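Here's the structure, in structure tokens; my notes come after.
The values are calculated or read from the model by the stated rules, or taken from the named source; none is laboratory data. Computed from a predicted structure; not experimentally measured. Cβ sites come from the backbone with ideal geometry, for glycine too, and all protein chains shown count toward neighbours. Surface accessibility is based on the protein's heavy atoms, side chains included, excluding ligands, DNA and RNA. Shrake-Rupley method; radii C 1.70, N 1.55, O 1.52, S 1.80 Å.
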Amino acid sequence: MIELRNLTKRYGDKTAVDELSLTLEPGTVTGFLGPNGAGKSTTMRLILGLDAPTSGTATIGGRRYADLRRPLRTIGALLDAKAVHPGRTGRDHLRAMARSQDLPARRVAEVLELTGMTAAARRRAGTYSLGMSQRLGIAGALLGDPRVLMLDEPVNGLDPDGVRWIRTLLRGLAAEGRTVFVSSHLMSEMEQTADRLIVLGRGRLVADEPMSALLTAG
Ligand code: ADP
Ligand code: ADP
């Protein structure tokens, strides 16, 4: 569903993503693990076409993001939860997203319910805690009922209940046959969530293993 081929991004003489090749499968939660600065966010930005690769390609179902006819129905993403306009209510933010891509208005109520944000969505995003911003970001990612979910450090700022909630949500989405790609800098967050773990270090692929193999190894 997502395919990266020799994906490379350089900023000046800094190589953020270095010849990265991998394929992400439907029905699987793939964890994307690496320390801060490893290149996880850059990889996700390249997949979403928010940044152009220096070389290589990133495709979703065989197409580049820019060529998707209805992107929010294909891939939903949470990259930077704090990017929502602080003066807007959560509901207005989601309504604008829905309108811009002809998604049915009822989806806004549905994803607010799913993320536990129905009441909070009446308030301006500037008043949200980081955990609430993450939930709103996840609501936005779910809006188009997409085949692929891509979440960058979604657990940041969530309390233990929120962490368990995300884990259950992601497992459920994969069980429905969706492709789930989720980053973290903490192995402990991945153990009970991911089926497969991709480890990134300095922009390079360090490991790509089924979680079961990692948890039973040595
Ligand atoms: P991660 O998400 O794993 O923390 P990032 O993808 O944010 O890593 O960053 C990878 C590397 O690329 C870091 O060294 C970071 O400083 C650098 N980088 C990311 N974005 C830019 C940018 N716009 N300009 C220059 N360097 C950048
Ligand atoms: P603009 O309003 O500037 O045209 P976009 O409509 O491309 O920007 O994206 C608006 C916001 O939605 C951006 O913050 C972007 O990161 C985010 N975004 C883009 N594509 C997706 C997606 N498939 N799923 C979730 N969020 C997305």
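Heavy-atom accessible area, probed at 1.4 angstrom with all protein chains present, ranks ARG45, ARG69 as ARG69, ARG45, highest first.
When the dipole is taken about the Cα centre of the chain, and only Lys, Arg (+1) and Asp, Glu (-1) are charged at their Cβ, what size is it in debye, to the nearest 20?
860 debye
I want to verify a result. In a Gaussian network model of the chain, Cα cutoff 10 Å, which of these has the top mean-square fluctuation: THR28, THR43, THR15? Between THR28, THR43, THR15, it is THR15 that shows the largest mean-square fluctuation.
In debye, nearest 20, what is the charge dipole magnitude of the range 53-181 about its Cα centre with +1 on Lys and Arg Cβ and -1 on Asp and Glu Cβ, if you could check?
360 debye
If you roll a 1.4 angstrom probe over the protein chains with everything in place, what fraction of the accessible area of the chain belongs to carbon and sulfur, to the nearest %? C and S fraction of accessible area: 48 percent. Ordered by solvent-accessible area of protein heavy atoms (1.4 Å probe), largest first, the residues TYR128, TYR11 come out as TYR11, TYR128. Packing-based ranking of 208-215, 146-153 yields 146-153, 208-215, ordered from highest to lowest mean Cβ neighbour count within 10 Å. The Cα-based radius of gyration and maximum Cα-Cα distance (Dmax) for the range 30-139 are 15.3, 45 Å. Using the alpha carbons alone, the radius of gyration of the chain stands to its Kirkwood radius in an Rg to Rh ratio of 0.96.
Note on the chain: with a GNM built from Cα contacts shorter than 10 Å, the maximum mean-square fluctuation among ASP13, ASP195, ASP145 falls on ASP13.
Note on the range 158-218: with charges restricted to the Cβ of Lys and Arg (+1) and Asp and Glu (-1), its dipole about the Cα centre is near 160 debye.
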